[in-house]
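Chemist: There's a structure below that I have some questions on.
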Amino acid sequence: MWNLSFTAPEVIEARVLTRLPDAFRQPRKTAWSEANKPGQRIDSFLEGPSFDRQGRLWVTDIPNGRIFCIGTDLQWTLAAEYDGWPNGSAFHQDGSLWIADYRRGLLRLEPGASQPRGVLEHRNSESFRGVNDLTFDGRGRCWFTDQGQSGLHEPSGRVYRLDVDGRLELMLQNAPSPNGLALNPDESALYLAVTRANAIWRAPLVGGGVSKVGHFQGFFGTSGPDGLAVDVDGRLVVGHASLRGAFVLNAMGEVTHYVRSPVGATVTNLAFRPGTHQLVMVESQTGTLLQADLPAPGLALYSHADATKNQKT
């Protein structure tokens with residue numbers, strides 16, 4: 001049962017926006033693919049969609065250590081290529097792109113730079129398990145997940161918060177594969193995609209920490225929830241890495257809409273085009289970016305908060 005009306009969620013058909021050009025495709029085995037896609041030769045694995053203030057869309061390519069910028073004309077440019085595994089990304093208000101790099105921790109790519117530099121590459125001299133995704137709250141604090149190879153067999157994934165003064169706080173440490181994360185509109189709760197548990201957790205924020213963390217919604221499939229986004233009405237959009245689309249949940253956790261991919265089943269990260277109802281989703285299996293029109297605009301992120309107001313259109 002996914003909603004109290006006992007009806008099927010409304011289906012929204014996504015459409016292809018653009019795909020990784022053939023010139024950038026490199027079918028081969030890599031250390032990342034051998035660990036995560038054993039035996040497969042893959043040309044890319046895109047994630048981390050983020051919009052800058054110029055309306056350009058940025059995505060990461062994990063196994064090849066690449067970051068792409070896609071112009072408003074849908075032309076792709078290789079913005080950075082380096083020795084790392086870039087996963088989630090988010091823009092800071094200062095215009096830099098922060099990157100959750102599985103191998104190297106938190107990085108940032110300054111405007112105009114071709115190589116990212118380190119923000120936080122270890123905790124107390126101990127390496128992270130494998131940083132996966134990140135988001136900023138309204139105060140500019142960076143929340144990020146340390147997923148590694150955790151799962152139900154080893155529920156030791158962590159969630160951290162990096163304050164603007166550099167203080168690092170461990171917020172949660174028992175998640176079986178923490179992945180995407182997002183805050184609700186008034187930042188009273190954190191939503192967490194827990195991939196290997198095939199679930200969304202909701203963590204109320206009390207007294208500077210999390211409290212009474214609970215199971216918000218559950219799914220099924222060979223993989224689980226990945227990227228998250230929130231709209232101005234408090235709905236949570238959940239990309240699912242094996243169910244061919246994204247699910248829209250209301251504040252009660254009911255599934256109200258299903259956004260269906262026309263290609264591939266691996267919908268990972270997603271992002272609202274700032275100030276609009278348009279949701280962009282990454283279908284990582286085929287290296288395709290999809291777009292769909294959702295019921296309400298996306299919540300203004302920290303990167304755009306003083307330029308895009310959280311108002312319905």
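The values are calculated or read from the model by the stated rules, or taken from the named source; none is laboratory data. In this text, all values refer to a predicted model and were calculated from it rather than measured experimentally. Virtual Cβ from ideal backbone geometry, glycine too; neighbours counted across all protein chains shown.
Chemist: Within segment 276-290, take every residue that is assigned to a loop (DSSP other than H, G, I, E, B) and at pLDDT 95 or above and give me the one that is nearest to the chain's Cα centre (by Cα).
Modeler: That would be 284.
Chemist: How many residues are among the polar types (S, T, N, Q) and assigned to a loop (DSSP other than H, G, I, E, B) if we restrict to segment 38-83?
Modeler: 6
Chemist: Hey, another quick one. I'd like the residue in segment 230-259 that is assigned to a strand (DSSP E or B) and within 17 Å of residue 203 (Cβ to Cβ) and, out of all such residues, is farthest from the chain's Cα centre (by Cα).
Modeler: Once the filter is applied, the top-ranked residue is 249.
Chemist: Taking segment 103-145 only, how many residues are part of a strand (DSSP E or B), among the charged types (D, E, K, R) and free of Cβ contacts under 8 Å to residues at least 40 places away in the same chain?
Modeler: 3
Chemist: Which number in (1) among the charged types (D, E, K, R); (2) touching a Pro at 6+ places or on another chain (Cβ under 8 Å); (3) closer than 22 Å to residue 121 by Cβ marks the one condition that residue 163 misses?
Modeler: So residue 163 meets the others, but not (2).
Chemist: Still on this model: Exactly one of (1) under 18 Å from residue 131 (Cβ atoms); (2) in contact with a helix residue (DSSP H, G or I) (Cβ under 8 Å, 6 or more places away or on another chain) is unmet by residue 32. Its number?
Modeler: Here residue 32 meets the rest and fails (2).
Chemist: Right, something else. Taking segment 143-170, which residues are surrounded by 19 or more Cβ atoms within 10 Å (Cβ to Cβ), touching a Lys or Arg at 6+ places or on another chain (Cβ under 9 Å) and of a type outside the set (D, E, K, R)?
Modeler: 143, 144, 145, 147, 148, 150, 157, 160, 162
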